[in-house]
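Data first, discussion second: the structure below is written as structure tokens.
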Amino acid sequence: LMSVLCLGDCQLQTPCRIQKCTADFVSLTSHLNSALADFDVEFCKALRAYSACTYRNSKACRGNLVYHSAVLGISDLMSQRNCSKDGPTSSTNSEETHDPCSYSGHKEGREHQGGEKTSPPTYLFCGLFGDPHLRTFKDHFQTCKVEGAWPLVDNDYLSVQVTNVPVVPGSSATATNKITIIFKPYQDCTDQKVYQAVTDDLPAAFVDGTTSGGDGNTKSLQIVEKISGKYIEMDARYIGTTVYIRQLGHYLTLAIRMPQELVMDYEESQDLQLCVNGCPSSERIDGSGHLTSPIRGQLLPHGSTSHPWSVYTLETATTKCHEKMLVKDIYFYSCIFDLLTTGDTNFTAAAHSALQDVEALHPRKEHWHIFPSSGGGSVGKDTKFFVGFGLLCLILVVLP
């Protein structure tokens, strides 16, 4: 058995972890006594655990001779002991009882190994919607133009890039029409998965046609379609990350929750991340944290010429936004700003959905709402945002 399993001097390169699988099997079986009645039951449980471990490593160990020897050895031993392929499996010890492809499991593993309990992980939220309005991981709220492709997140685990296009002629306002997400390879939990959404094409699958990553049973990464062509959710539980993407009208919105320690795990060359550091000052519409007044006049909703001309005043825009949002926070005022800027009522739904995503993903309820500050000072901790009705008094010119 030892020669088949090749313990000892077998030198294996990561990320192939067959040696760890083998060591765990030996640990599970070394104390078993073949004279006892439950020997076969426990031995088969250990073999099934060993087999599951080799399966998780099948891609990483594809060209490894030790891996293939182990697979053959497992098959022979299962035949000799009349072990069924399906059934319960065993764990080596308390340190191995956690799910290796669960972010909470990784935290538990570190707690056991360190001998001391660590504090629960801190989660951060980032969202992008509308004009676009950006809520960073630090709960800073900004309105930006950022036309073209820009990175929202770029760390060692995840890359999120958005592309923004102009909404109406003669305005610096843009909105998101393309989102690309790359889930980077991670241990035995998933290989690289790429997702891409564009206006009128919000797929419920990665670009390779799959809907999950990792072991088909554990599904450490998966996509769930909530509303066909309009709303999808992605759960990357191996990194404790959740992503929501919606299409409202002609544009896309995004919301993401991610553990703080992973958010901050990036190189200096990756510091251009809107979710982490906000928009560059040259790309911000809200100078010094204040939204400027949108131009007044008859605004044509984005879309075909068959749409009627639409006129919004401060009063009618306020009434429209109040239908969806009762709390007069930044999402409410962003809704008003977008209606006055674009005349597109879909931005009302975008602001409302963005607030719903905050309530679903933001870990701290007391920070869900950010309110305007008449003094232009901080909201929450450092967040600056002011859209008073005086600022939104309509000084209007007719768009050509």
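The values are calculated or read from the model by the stated rules, or taken from the named source; none is laboratory data. The structure presented is a predicted model; accordingly, all values stated were derived computationally and were not measured. Virtual Cβ from ideal backbone geometry, glycine too; neighbours counted across all protein chains shown. Keep in mind that these areas ignore ligands, DNA and RNA; they rest on the heavy atoms of the full protein, side chains included. Shrake-Rupley method; radii C 1.70, N 1.55, O 1.52, S 1.80 Å.
Observations, loosely collected:
- Residues in the stretch 271-310 that are closer than 20 Å to GLY170 by Cα and among the polar types (S, T, N, Q) were compared, and the one that is modelled with the lowest pLDDT is SER304.
- Top-ranked residue in the stretch 318-367 [being assigned to a loop (DSSP other than H, G, I, E, B) and open to solvent by less than 50 Å² (accessible area, probe 1.4 Å); ranked as farthest from PRO166 (Cα to Cα)]: HIS362
- Answer from THR313, THR341 - the residue that is farther than 26 Å from GLU233 by Cα, at pLDDT below 90 and touching a Leu at 6+ places or on another chain (Cβ under 7 Å): THR313
- Top-ranked residue of the stretch 235-289 - restricted to ones that are in a strand (DSSP E or B) and more than 29 Å from LYS219 (Cα to Cα), ranked as least open to solvent (accessible area, probe 1.4 Å): TYR251
- If you check ASP188, ASP131, ASP208 for being under 24 Å from CYS279 (Cα atoms) and part of a loop (DSSP other than H, G, I, E, B), only one passes: ASP131.
- Matching residues in the stretch 63-99 - criterion: being open to solvent by 50 Å² or more (accessible area, probe 1.4 Å), in a loop (DSSP other than H, G, I, E, B) and modelled with pLDDT under 85: LYS85, ASP86, PRO88, THR89, SER91, ASN93, THR97, ASP99
- Screening GLN187 against (1) polar (S, T, N, Q); (2) over 15 Å from the mean Cα position of the chain (by Cα); (3) buried (at least 17 other Cβ atoms within 10 Å of the Cβ); (4) farther than 27 Å from ARG56 by Cα leaves a single unmet condition, (4).
- Inter-residue pairs, beta-carbon under 6 Å, first over 13 Å from LEU274 (Cβ atoms) and in the stretch 138-159, second small (Gly, Ala, Ser) and open to solvent by 10 Å² or more (accessible area, probe 1.4 Å), 6+ apart: ASP139/GLY380
- Leading residue by the ranking (farthest from LYS20 (Cα to Cα)) among those in the stretch 100-135 that are modelled with pLDDT of 90 or more and touching a Cys at 6+ places or on another chain (Cβ under 7 Å): PRO132
- No other residue among LYS219, LYS230 is of a type in the set (D, E, K, R), out of contact with any Pro (no Cβ under 8 Å at 6 or more places or on another chain) and more than 15 Å from LYS193 (Cα to Cα) apart from LYS230.
- Within the stretch 204-234, restricting attention to residues that are over 16 Å from the mean Cα position of the chain (by Cα) and open to solvent by less than 60 Å² (accessible area, probe 1.4 Å), the residue that is nearest to VAL162 (Cα to Cα) is GLY229.
- Hey, THR122 open to solvent by 10 Å² or more (accessible area, probe 1.4 Å) and either under 26 Å from ILE370 (Cβ atoms) or touching a helix residue (DSSP H, G or I) at 6+ places or on another chain (Cβ under 8 Å) (or both) or not: yes
- In summary, ASN33 fulfils each of the numbered conditions (1) of a type outside the set (D, E, K, R); (2) modelled with pLDDT under 85; (3) surrounded by 14 or more Cβ atoms within 10 Å (Cβ to Cβ) with the single exception of condition (3).
- Where ALA52 falls short, out of the listed (1) at pLDDT 85 or above; (2) buried (at least 17 other Cβ atoms within 10 Å of the Cβ): (2)
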